[in-house]
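The structure appears below as structure tokens.
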Amino acid sequence: MATEPIGLADAPTADPAASPGSDVVIETRNLSKIYRDFWGRRKVAALKSLDIEVRKGEIFGLLGPNGSGKSTTIKLILGLLFPTSGRVLVFDQDATETRKNERIGYLPEESYLYKFLTTDETLDFYGRLFDLSGAERKRRVDELVKLVGLEGARHRQLREYSKGMTRRVGLAQALINDPDLILLDEPTTGLDPLGTRDMKDLILSLRDQGKTILLCSHQLSDVQDVCDRVAILHQGELKELGRVSELLKVQDVTEVHARGLSDAAKAEISEVILRHGGTVDSIDNPTATMEELFLSIVRESERRPGARRVSVSDTASESPTAVATATGDDAASRDEGQS
Amino acid sequence: MTLQPEDFWSFGEWLLRPESFLESALLQGIVLVVLAVLLGLIIAYLVSAVRHGPGEGFYAVARSVRDLVRSDLPGTSSRRIFALAKLAYQEALRRRVLVVVGLFVVGLLFAGWYLDPRSSDPARLYISFVLTATNYLILLLALFISTFSLPADIKNRTIYTIVTKPVRATEIVLGRMLGFVAVGTLMLVPMGIASYFFVTRGLRHDHEVVEIDEVGDGRFEGKLSFDQFHDHSFTIEPSADPDGPELGLTDTVRGHRHVVRQIRGDDGNVERYVIGEPYGALRARVPVYGSLVFTDRAGNLTDEGIDVGNEKARGGYGAAGIARLVGVTREAQRLDYGYVEGGTLGSAIYTFNGVTPRRFTDEEGIPMEMALRAFRTIKGDIVSGLNGSITLRNPDKPQIESNPLTFVVQEYDVSEERLPREIEGTDGEVTRKLSLFDDLVTDDGRLEVIIRCIDRQQYLGMTTSAVYLRPAESSFAWNLTKSYLSIWLQMVMVIAFGVMFSTFLSGPVAMVATFACVLLGFTAEQIYDIRYYMDRGESMGGGPVESLVRLLRQDSMTTELDVDQVAGKVIQGVDAVIIYSLDAVATSLPNLPRMLSTAEYAASGFDIFGALLARHAVATFGYVLLAFLIGYFFLKTREIAA
Ligand SMILES: Nc1ncnc2c1ncn2[C@@H]1O[C@H](COP(=O)(O)OP(=O)(O)OP(=O)(O)O)[C@@H](O)[C@H]1O
Ligand SMILES: [Mg+2]
């Protein structure tokens, strides 16, 4: 590999050798996978003629219910499975090519790690597999342990870890080589909302560093929050593919957010809408999501440790954060940051 | 211990067999690797052709071969191998395999109770006990640790995080093998050290002086107490140095002797005796064997001595290899004792190489040991042994010949002789004192030793390994180390096979497969035997099917099989197929009993030949290479997540 792995905090990776002239990082052509049993009899057609392209620098989401073939797709991309028909190209190389792995980071569905190693040992081990020098490994291990927030537990064996902690180690090992392409199989399972938020922020910041990310999830909010484009799978078939902003846009509904309106003002607005031939579906105070509430509580408690006074009349709208009226998550978090 | 003809092969001879290349180990190795690779490719092609169609199948197989040469071998990194080896090592240690070492050491503490204390050769008993115990234990452990690891990784999917890194299949296979070899070594070393102390301590014992007589001239004769089921008698010679201690030596009983030291008090009277520790039991004799030809009773040279019947002991098929498999040499390697008739011109002529003063430094002459057999055609005096003679001769100038040294043949025992540095002899017509190294040994260090039987109508039996010079004694500790090296090599072999099978079989199945290979390796000689009798048309009860039929019908092994003609043909046909395939498989598997037999050297007190160890090492390396290639291939073409 020509690329020197660079720190996470570094500027976007510019790798001149990588896929010259083309922006496509992953390309599947007519990709199908049929699982067979020992005798070669077909059991499950897990993937049927999938055609997707993942471009450099985007966050691509694979969405679908359980058993729809998301993990199968990722395993095919990694060469863990061989296609029944069709092809996968990663960095213009065949998916079974070992050398492509130097630029790939993979977080499996569950963290399949060696339970008898500590975090430090685990990361050092995977660093060795990338042929990183001793000094380089030490630097990256320190960086990653901090990044995934496991400083306090780095010398404990993984089998003592909670599910979320194992997941964080899994993420750290996926990033040990400062990959250009990151494959995340359900990155947020097992993480608490704070971890989920961190994960999402991390994914976005990785994208900002110029990395390409393919993630799969059935947590719609995850996908909605971070993905640039999504493919929706169902029973192994591609059902929908496009930009998230476009897919989710409801063309004939208009949303207005405002603060400090009196009931009279609301009535007047309804009138204006009706006069222009529209219909008013609802005029309401928005409720915050559970995620937002949880986040605000955790952040509050980090600022002011101690038990929080809970009153029966406490409702979402009265809590300090619930004042926020913006609908988008981004707006909500910005808002909280200021308060 | 009698050595087989092939034990005398030098390393080069074994590798190449210049006269009969078909027996060459190199050829066998090459054929094996080529066959395995071809077979592997064909099977892989068939499998992937069924899966993906003939064209794609070919492409897939071709790609994995191309990858091996073009990217996987060159891309193999020592850092990755080391990381994977370390992981395998840690994982195995976590399974508490070291407990076995502890159990072994504890077991040794008690094992002494069960070893026959009355044995006439306790050293042999102790040594062969520890060596065989360690050998089987280590092989069993190697079997366990090597076969379960990779399948477990695949099953609980930790392998996913490995193969999605730039890790080559070569590195996974090699890393596993190295890691397990490290674990095995870690176990073998303490076991070896414990064995050493077990043997040396186990043989240690003490006696007391129970009887002592002064026989005059300052000589003493005495007896030692009966301890550890034996006693000794001893003599003390007056020492040359009047102030020095009087030293005596006991006779050799059960392979050892003691030094007896007479301590005198200030008044000059004998105060007490100090009995030294047993010595001589733990030896590592370094024999120098010669080449042997015979002369018949008229004095003409022949290759073989007289066959007195039933003296051609079966010596195994050894490394006959491909030659035996394709039926060029059918016969088992045979170990011949040729006999020389007494009172005739018949003789056995040994020619030794490398007889130089630098090598044989002993001032009293060259030590020579003989383990001869006797065959009597008349009774004579059965108590006294046969008489033989040793004559030394210069191979280049046969007119220079020593006078015969006579000796009494000790049957069933090894007798020690010395070839003196100065000896009376004839140089053509002249009779004079001959110098061993100047007159009898040629400039390039060759010497002929001619052995004859003196008693008429009696015969002396000899074979190459029956007479040898002993330039030096190697240390017992080093010899034991060499035995352990041999065990280590076997362990490496088993680990390599275990890892190979675990790349495509589940843990228990891989273990059974490896075990079957080891077992077939151990029974190889029997399989060769069955095939040998089958080829010769000698009915020994037939092959497996025929034996089963006989068993069910309760037929004797020696009668003709009593079924109708067609059935008989079918049975024998099936048997032939089974035997020939088993034969082929057994020939291609490592011959572990050969390696196990190095224990016999150590137990018999012979230095293990370097050439023998080198042969085992090279064979091991060859099999490791083979296992590595097969393992790589299977892992590479395996769909990890399926
Ligand atoms: N190793 C396997 N052998 C046989 N069938 C399998 C195997 N792995 C997956 N499948 C089947 O393939 C289909 C797709 O599985 P896949 O794991 O890709 O789903 P998924 O979209 O990742 O689901 P989830 O959201 O539950 O993770 C399922 O019907 C599953 O039963
Ligand atoms: Mg899945």
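The values are calculated or read from the model by the stated rules, or taken from the named source; none is laboratory data. Treat the numbers as computed from the prediction; the structure is a model and nothing was measured. Cβ: placed from backbone, ideal geometry, glycine included. Neighbour counts: every protein chain shown. Keep in mind that these areas ignore ligands, DNA and RNA; they rest on the heavy atoms of the full protein, side chains included. Shrake-Rupley method; radii C 1.70, N 1.55, O 1.52, S 1.80 Å.
Odds and ends about this structure:
- Wholly within region B:53-162, helices (runs of 4 or more DSSP H) carrying at least 3 residues that are of a type outside the set (G, A, S) and in contact with a Lys or Arg (Cβ under 8 Å, 6 or more places away or on another chain): B:78-94, B:122-155
- Index of the failed condition, A:D222 passing every other in (1) within 16 Å of ligand 1 (Cβ to nearest atom); (2) within 14 Å of chain B (Cβ to nearest Cβ): (2)
- Residue ranges of strands (runs of 3 or more DSSP E) in region B:339-422 with at least 3 members surrounded by 14 or more Cβ atoms within 10 Å (Cβ to Cβ) and assigned by TED's automatic domain parsing to the domain that holds B:V441: B:347-352, B:366-370, B:373-376, B:387-393, B:400-402, B:415-419
- Tally, over region B:599-615, of residues that are among the charged types (D, E, K, R) and touching a Phe, Trp or Tyr at 6+ places or on another chain (Cβ under 8 Å): 2
- For A:K70, the conditions (1) more than 30 Å from A:R128 (Cα to Cα); (2) near ligand 1 (Cβ under 9 Å from one of its atoms) are fulfilled apart from (1).
- Any chance A:E109 is open to solvent by 10 Å² or more (accessible area, probe 1.4 Å) and within 13 Å of ligand 2 (Cβ to nearest atom): yes
- Looking only at region A:84-94, and only at residues there that are assigned to a loop (DSSP other than H, G, I, E, B) and more than 11 Å from every other protein chain (Cβ to nearest Cβ), the one that is farthest from the chain's Cα centre (by Cα): A:D92
- Hey, A:T196 in a loop (DSSP other than H, G, I, E, B) and either closer than 29 Å to A:Y35 by Cα or away from ligand 1 (no atom under 16 Å from the Cβ) (or both) or not: no
- Applying the criterion of being buried (at least 21 other Cβ atoms within 10 Å of the Cβ) and hydrophobic (A, V, I, L, M, F, W, C) to the residues of region B:590-605, the residue that is farthest from B:G29 (Cα to Cα) is B:A603.
- Selection count where residues are more than 9 Å from every other protein chain (Cβ to nearest Cβ) and touching a helix residue (DSSP H, G or I) at 6+ places or on another chain (Cβ under 8 Å), scope region A:123-137: 3
- Residue tally, condition open to solvent by less than 50 Å² (accessible area, probe 1.4 Å), among the polar types (S, T, N, Q) and either within 14 Å of ligand 2 (Cβ to nearest atom) or within 14 Å of another protein chain (Cβ to nearest Cβ) (or both), over region A:200-219: 1
- Scanning region B:339-389 for residues that are within 30 Å of the chain's Cα centre (by Cα) and modelled with pLDDT under 85 yields a count of 2.
- Listed here are the helices (runs of 4 or more DSSP H) enclosed by region A:199-281 that have at least 1 residues being without any contact (Cβ under 8 Å) to a residue 40 or more places away in the chain and more than 30 Å from A:A174 (Cα to Cα): A:244-248, A:263-275.
- Residues of region B:133-183 classified as closer than 24 Å to B:S71 by Cα, basic (K, R) and more than 9 Å from chain A (Cβ to nearest Cβ), total: 1
- B:T161 vs. criteria surrounded by fewer than 22 Cβ atoms within 10 Å (Cβ to Cβ) and out of contact with any Asp or Glu (no Cβ under 6 Å at 6 or more places or on another chain): no
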